[in-house]
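A short reminder: the numbers here are calculations on the coordinates, not readings from a lab. Just so it is clear, the structure is predicted and the values come from calculations on it, not from any experiment. Glycine gets a Cβ as well: all are built from the backbone with ideal geometry, and neighbour counts include every protein chain shown.
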Amino acid sequence: MRPTVPCHGRKGKRMKLRIRYENELQILELNAEDTEKLWVSLSLEGEGLSQDEKEQLIQDTWEERFNKPEYNNWHKETRHIGLSKAKPGKDEDEDDVDSSEPLMSEVFDDRIFRKDELERKKREDYEDWCDRIRAAMKPDYAEMIIAIHLDGMEPCEYAESIGEKPNTLNHRLQRAEKKFKEIFPRTSF
């Protein structure tokens, strides 16, 4: 802190600004120069106010802007999410269709707006993995890995679908998984 500068006849008196920091209330002492800088940075106005009135206005403004509990800060940021700023009403080209829906910036998770894109990407990734597995492994191993690990089919269900005993299929599956890990070492099931 800088040395105390007398302010309007109040020698040595410093403003005590209450600041909430990490849910604790702390006191910061400001000299006259720092108090004046804070007055300007908070964009406060008022002529003919006494120093005590200025300090009270500074503290009130600080309380309003910065010392609110976390809930109030969270609420300030999220109170409009889910309530669209888009104007409800009818579009000129449509018959009685309400075009109001939340904007992309107003929702927590914008994936709802990109659903088709995400599904297309997921399908392309799935098809890419299927092609890579089929190109690298024997056909029966590849189909078993794809059905069980990519499609989520149970081993006994897959064994029944190809007409094999579950025990036999489990041994083949272990060999296929071992081969898969040799070919694709950075992937896992």
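Computing FRET efficiency as 1/(1 + (r/R0)^6) for Asp151 and Arg114, where r is the C-beta to C-beta distance and R0 is 25 Å, gives about 0.55. Take 51-57, 139-145 and order them by the average number of nearby Cβ atoms within 10 Å per residue, most first; the result is 139-145, 51-57.
Just to verify a number: FRET efficiency for Lys165 and Ala136, C-beta to C-beta distance, R0 = 30 Å, to 0.05? Computed FRET efficiency for Lys165 and Ala136: 0.65.
What you get for region 121-179, charging only the Cβ of Lys and Arg (+1) and of Asp and Glu (-1), is a dipole of about 300 debye around the Cα centre.
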